[in-house]
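Participant: Please find one structure pasted underneath; my questions will follow.
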Amino acid sequence: MRTRCSPLLLLALALSVSTAGVASAQALSPVPSPPSNPVPNGPAVPLGLTEAVAIGLRDNRSLKSAYLERVVQKFDLAVAERRFVPVARITARVTEARSDAPNRDSTEAAGGVEGSWLLPTGGTIGFSWGRLERLDARSTDRRDTSSLSLTQPLLRGGGWDVAMAPLRSARIRERINKLSLESTVSNTVSTIIFSYRTLLQSQEQVRLAELSLERTKVLLETNKALIEAGRMAAADLVQTESGLANQEVSVLSAYRQRESAQLALLRLLALDPRTNVVAVDDVKVERVDIDLDRVLALGFDSRLDILSQRLTLDEARQGLMLAKNNRLWDVSLTASTGRSEVIDPILGPRTPLDDTTVGVRVGIPLGDYGPKAAELRAETAVRTAELRYEELSQAIEAQIRDAVQTVDMNWRQLEAARRARDLAARALDLQQEKLKVGRASNFEVLSFQDSLRNADAQELNARISYLNALTALDQQIGSTLETWRINLND
């Protein structure tokens, strides 16, 4: 039996489906389409290496974060420098008491100041003054109290070295923080330099790829002319066309590498990734003579990590001295004086009461192994810092020697690459002349073109590698900021 649906029912179902589709479409957020050109475009923006470093110092986000952190670090030092400055606190209160018992209601106001003063000898001076005054109708008497105390440790916590240790540690930590900032700036500058040269290298690779493509196009036209003259078989043209296609692929690959290098540099400089920045410096290379003994001495005197490790070792020794002192007995001289004065509303001021005490306080810890454990940890920290310093010293010497050898080897490779490039260019010229007179094959010319393209790329890579090796040597000896004359303005 066939079921029949009314037209009204079908119309209602269609409307409900349409409404649900519209609602679901509105509920889903639209997915933005990718940009039509995701790579840097627009007019070329010329950029020199010096300008790139300046922009990086101004806008790099890592450097901004480091300078923001320095604000907190400087304030921490300012707090530590006030270690021996007296501190005080003002107090005040008003109380009102109500009771069912007769004549028990009262209102009182109290105020005062109290403070302490840490001495460079480890002692502490305490002082206080207070006033309590009744404000109810029955009585308006007033009581003033004042006190002055002195506590001077003789063993644990006493002495100039122990009292000054936290301040020395804070100053050492501040110097370490400054070195950390210098290291951050130095590494950022070096990274920008490497990234800029990568862009420069990729631009040169594009130029070389396009030049090689033009040479292949010229060869293709020469082959066509030889075929028309009957001096070359038409089948040989396939080799040249295949080489032309390969050159076009190389050009596109060079474009992609250049765009990636642009984006990497723009990220370091915190610039708009759509900026079509172009490196304009020439890849000029001049040999730099290096004195190994001089750069080794300079590295040990200026390299930031070895300087920081020396300070870390000093800080660990301060901690060990405090840990040893904390194991001593608590023997302290104490002295105090105080005065209490009451002013009666009827009888007037009463005779002040003065109290003075002088004594010795002794505290002997029993069964507490915490100070011994702290001393062992401090000794371990000192020994670990010493081993780290020895290891770092050996590593620095090896790294500097390796960096110097790398510079020398890269220069030799550059000289060899230059000779290879000149020979490859001469060989290609000879083969092209032979091809015109029928003494060379098309395949041989294509092979020599490939050799020249590889020689050009090899020379370019050798030049960039030599410049980067010099920059890396600056990093190894800690002279990047001095080389670029950068002032931290910290």
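Participant: So for region 148-157 (the condition being over 44 Å from the mean Cα position of the chain (by Cα), farther than 14 Å from Pro86 by Cβ and not in a loop (DSSP other than H, G, I, E, B)), does at least one residue qualify?
Facilitator: yes
Participant: Restricting attention to region 436-463, which residues are in contact (Cβ under 8 Å) with a residue 24 or more places away in the chain, among the small types (Gly, Ala, Ser) and assigned to a helix (DSSP H, G or I)?
Facilitator: Of everything in region 436-463, those that are in contact (Cβ under 8 Å) with a residue 24 or more places away in the chain, among the small types (Gly, Ala, Ser) and assigned to a helix (DSSP H, G or I) turn out to be Ser451, Ala455, Ala457, Ala462.
Participant: Right, Thr357: among the polar types (S, T, N, Q), more than 22 Å from Ala163 (Cα to Cα) and in a loop (DSSP other than H, G, I, E, B) or not?
Facilitator: no
Participant: Does region 464-482 contain at least one residue that is assigned to a loop (DSSP other than H, G, I, E, B), within 39 Å of the chain's Cα centre (by Cα) and crowded, with 16+ Cβ neighbours inside 10 Å?
Facilitator: yes
Participant: Right, next: Could you tell me whether region 325-345 includes any residue that is over 21 Å from Val162 (Cβ atoms), free of Cβ contacts under 8 Å to residues at least 24 places away in the same chain, exposed (fewer than 13 other Cβ atoms within 10 Å of the Cβ) and of a type outside the set (Gly, Ala, Ser)?
Facilitator: no
Participant: For Phe127, work out the one condition from (1) farther than 30 Å from Ser180 by Cβ; (2) part of a loop (DSSP other than H, G, I, E, B); (3) without any contact (Cβ under 8 Å) to a residue 40 or more places away in the chain it doesn't fulfil.
Facilitator: Of the numbered conditions (1) farther than 30 Å from Ser180 by Cβ; (2) part of a loop (DSSP other than H, G, I, E, B); (3) without any contact (Cβ under 8 Å) to a residue 40 or more places away in the chain, the odd one out for Phe127 is (2).
Participant: Quick check, is Ala209 touching a Gly at 6+ places or on another chain (Cβ under 8 Å) and either modelled with pLDDT of 95 or more or assigned to a helix (DSSP H, G or I) (or both)?
Facilitator: Judged against the criteria, Ala209 is not a match.
Participant: What's the number of the only condition in (1) surrounded by fewer than 13 Cβ atoms within 10 Å (Cβ to Cβ); (2) in contact (Cβ under 8 Å) with a residue 12 or more places away in the chain that Thr380 fails to meet?
Facilitator: (2)
Participant: Could you check region 207-233 and list, in sequence order, the residues that are over 14 Å from Arg453 (Cα atoms) and polar (S, T, N, Q)?
Facilitator: Those that are over 14 Å from Arg453 (Cα atoms) and polar (S, T, N, Q): Thr222, Asn223.
Participant: Related question: Being surrounded by fewer than 17 Cβ atoms within 10 Å (Cβ to Cβ), of a type in the set (Ser, Thr, Tyr) and on the phi < 0 side of the Ramachandran plot narrows it down to one of Ser149, Ser169, Ser128, so name that one.
Facilitator: Within the list Ser149, Ser169, Ser128, the selection yields Ser149.
Participant: Across region 304-340, what is the total count of residues that are in a helix (DSSP H, G or I) and of a type in the set (A, V, I, L, M, F, W, C)?
Facilitator: Number satisfying all stated conditions: 10.
Participant: Shifting gears a bit: Based on what the data block shows, is Gln413 in contact (Cβ under 8 Å) with a residue 12 or more places away in the chain and either more than 31 Å from the chain's Cα centre (by Cα) or crowded, with 20+ Cβ neighbours inside 10 Å (or both)?
Facilitator: So Gln413 passes the test.
Participant: Being modelled with pLDDT of 85 or more, of a type in the set (A, V, I, L, M, F, W, C), surrounded by 13 or more Cβ atoms within 10 Å (Cβ to Cβ) and under 21 Å from Thr188 (Cα atoms), is that true of even one residue in region 243-262?
Facilitator: Yes; the residues of region 243-262 include at least one that is modelled with pLDDT of 85 or more, of a type in the set (A, V, I, L, M, F, W, C), surrounded by 13 or more Cβ atoms within 10 Å (Cβ to Cβ) and under 21 Å from Thr188 (Cα atoms).
Participant: I would also like to ask the following. Criterion first (surrounded by fewer than 18 Cβ atoms within 10 Å (Cβ to Cβ), aromatic (Phe, Trp, Tyr) and over 30 Å from Leu179 (Cβ atoms)) does Phe443 satisfy it?
Facilitator: yes
Participant: Right, next: Checking the condition of a type in the set (D, E, K, R), assigned to a helix (DSSP H, G or I) and surrounded by fewer than 16 Cβ atoms within 10 Å (Cβ to Cβ), which residue from Asp272, Asp301, Asp289 passes?
Facilitator: On inspection, the qualifying residue turns out to be Asp301.
For every residue, the table says whether it meets (1) among the charged types (D, E, K, R); (2) in contact with a Gly (Cβ under 8 Å, 6 or more places away or on another chain).
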| position | (1), (2) |
| --- | --- |
| Asp105 | yes, no |
| Asp136 | yes, no |
| Thr145 | no, yes |
| Thr151 | no, yes |
| Gly157 | no, yes |
| Pro166 | no, no |
| Thr184 | no, no |
| Ser190 | no, no |
| Gln203 | no, no |
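So that you can scan it fast, the table gives a plain yes or no per residue for (1) assigned to a helix (DSSP H, G or I); (2) touching a Pro at 6+ places or on another chain (Cβ under 6 Å); (3) over 23 Å from Asn454 (Cα atoms); (4) among the basic types (Lys, Arg):
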residue	(1), (2), (3), (4)
Ala395	yes, no, yes, no
Gln399	yes, no, yes, no
Gln405	yes, no, yes, no
Trp411	yes, no, no, no
Ala416	yes, no, no, no
Ala420	yes, no, no, no
Leu428	yes, no, no, no
Lys434	yes, no, no, yes
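Participant: Val251 is checked against (1) in contact with a Ser or Thr (Cβ under 9 Å, 6 or more places away or on another chain); (2) part of a strand (DSSP E or B) and fails just one. What number does that condition carry?
Facilitator: (2)
Participant: Assess whether Arg327 counts as being more than 30 Å from Asn187 (Cβ to Cβ), in contact with a strand residue (DSSP E or B) (Cβ under 6 Å, 6 or more places away or on another chain) and of a type in the set (Lys, Arg).
Facilitator: Considered against the rule, which asks whether it is more than 30 Å from Asn187 (Cβ to Cβ), in contact with a strand residue (DSSP E or B) (Cβ under 6 Å, 6 or more places away or on another chain) and of a type in the set (Lys, Arg), Arg327 comes out as no.
The values are calculated or read from the model by the stated rules, or taken from the named source; none is laboratory data. Bear in mind the structure is a predicted one, so any value in this text is a computation, not a measurement. Every residue, glycine as well, gets a Cβ built from its backbone with ideal geometry; the counts of neighbours run over all protein chains shown.
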